[in-house]
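One structure is given here, and the rest of the page talks about it.
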């Protein structure tokens, strides 16, 4: 199972999909690194197996904090 993720701006790093027995399914995880703008970011994600989609598509609009308010840990 592979997470297929696309974003309208910025980049995605460190992706994974792990079994989650509590729901008899999977949990997708990823790190989103916004670009320097404060504009909304459109995210699209689904899980695939052997290149074929196996889940519905999750859509989300993320509004990142202003660049000067972002903290890196």
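No lab work stands behind these numbers, since they all come straight from the coordinates. Values in this document were obtained by computation on a predicted structure and should not be read as measured data. No Cβ is skipped: glycine too gets one built from the backbone with ideal geometry, and neighbour counts run over all protein chains shown.
A few comments on the model shown:
- Placing a pseudo-label 7 Å from each Cα along the Cα-to-Cβ vector at residue 1 and residue 30 gives an inter-label distance of 1.6 nm.
- Cα→Cβ-extended label distance, 7 Å offset, between residue 52 and residue 68, nm: 5.3
- Only Cα pairs under 8 Å and 6+ residues apart enter the sum, and on that basis the relative contact order of the chain stands at 31 percent.
- When the alpha carbon gyration tensor of the chain is reduced to an equivalent ellipsoid, its three semi-axes come out at 26, 13, 10 angstrom, largest first.
- Projecting label points 7 angstrom from Cα along Cα→Cβ for residue 23 and residue 11 puts them 2.9 nm apart.
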